[in-house]
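The values are calculated or read from the model by the stated rules, or taken from the named source; none is laboratory data. Here the structure is a predicted model, which means the values were calculated and not measured. Counting neighbours? That spans all protein chains shown, and the Cβs are built from the backbone with ideal geometry, glycine included.
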Amino acid sequence: MNLLKNPWITMPEYNCFGCSPNNPIGTRMRFYEDGESIVSFWHPTQNHQSWLNTLHGGIQAVLLDEVCGWVVFHKLQTAGVTAKMETRYHKPVSTLLPYIELRAYLQEMRRNVAYVHGEIRAPGTKNADGLFTPGEVLCECTCTYFTFPQEKAVSEMMYIPSTTDPTDVSRDEAIMNQPGLADPN
């Protein structure tokens, strides 16, 4: 997988709750391109809980909306706004997990409306041969975005096309590169 370069990182006024690395109370997510998917690894903490050791559902929605939004930014190379988000909370997400995996991909495009599927997964496992088995889906969503022509996104929404770092990184490297994450093994 390849790290997506955050194109807004040098803007002085940039303080996105989801992806700004400089927002002290934000989620500071980093994103990777993995085939058709955009992926992020994130470390839940007790500061993000609702009930004891349980990740707040609103925080889960923020994380999913952000990873789905990066599908629009990177895969569609434009900006958009969330029109609707349908979320299914399958199981509690523990704040004691070493990390969670967020994964999103474009499900369908109808004219200027993008339907993006997102998931929160528990940590996966590796077998003795080093083969990875994905973790259980704990929460999933479908986000509906109204997208803009790229010219309008650039002129009116400060959209800057995203690019990827050409260096291929392993899953474990991507996990370790997220701020606040523990050893993935």
> Does PHE73 fit the bill of being touching a residue at least 12 places away in the same chain (Cβ under 8 Å), aromatic (Phe, Trp, Tyr), surrounded by fewer than 18 Cβ atoms within 10 Å (Cβ to Cβ) and out of contact with any Lys or Arg (no Cβ under 6 Å at 6 or more places or on another chain)?
Replying inline: no
> When you go through HIS43, HIS48 one by one, which is the residue that is at pLDDT below 95 and in contact with a helix residue (DSSP H, G or I) (Cβ under 6 Å, 6 or more places away or on another chain)?
Replying inline: HIS48
> Of all residues in the range 92-108, how many are in contact with a strand residue (DSSP E or B) (Cβ under 9 Å, 6 or more places away or on another chain) and in a loop (DSSP other than H, G, I, E, B)?
Replying inline: 5
> Could you give every pair whose Cβ atoms fall below 6 Å, whose first residue belongs to the range 112-136 and is in contact (Cβ under 8 Å) with a residue 12 or more places away in the chain and under 22 Å from LEU55 (Cα atoms), and whose second residue is among the small types (Gly, Ala, Ser) and not in a loop (DSSP other than H, G, I, E, B), counting only separations of at least 6 or pairs across chains?
Replying inline: GLY118/ALA104
> In this structure, does GLY135 turn out to be of a type in the set (Gly, Ala, Ser) and in a loop (DSSP other than H, G, I, E, B)?
Replying inline: yes
> If you go through the range 102-145, how many residues are acidic (Asp, Glu) and either surrounded by 15 or more Cβ atoms within 10 Å (Cβ to Cβ) or under 11 Å from VAL72 (Cα atoms) (or both)?
Replying inline: 2
> If you check every pair at least six apart or on different chains, which have Cβ atoms under 7 Å apart with a residue in the range 159-185 that is within 13 Å of GLU33 (Cα to Cα) and part of a loop (DSSP other than H, G, I, E, B) first and a residue that is at pLDDT 90 or above and β-branched (Val, Ile, Thr) second?
Replying inline: none
> Restricting attention to the range 98-113, which residues are over 13 Å from LEU63 (Cβ atoms) and either in contact with a Leu (Cβ under 9 Å, 6 or more places away or on another chain) or among the hydrophobic types (A, V, I, L, M, F, W, C) (or both)?
Replying inline: PRO98, LEU106, MET109, VAL113
> Among the residues of the range 76-85, which ones are assigned to a strand (DSSP E or B) and either crowded, with 17+ Cβ neighbours inside 10 Å or touching a Ser or Thr at 6+ places or on another chain (Cβ under 8 Å) (or both)?
Replying inline: GLY80, THR82, ALA83, LYS84, MET85
>> When you check ARG88 against the structure, is it within 13 Å of the chain's Cα centre (by Cα) and either assigned to a strand (DSSP E or B) or at positive phi (or both), yes or no?
In response: no
> Among the listed residues MET158, MET176, which satisfies the condition of being at pLDDT below 90, surrounded by 12 or more Cβ atoms within 10 Å (Cβ to Cβ) and within 23 Å of GLN60 (Cα to Cα)?
Replying inline: MET176
> Considering the range 13-68 alone, what residues qualify as being assigned to a helix (DSSP H, G or I) and without any contact (Cβ under 8 Å) to a residue 12 or more places away in the chain?
Replying inline: ASN47, GLY58
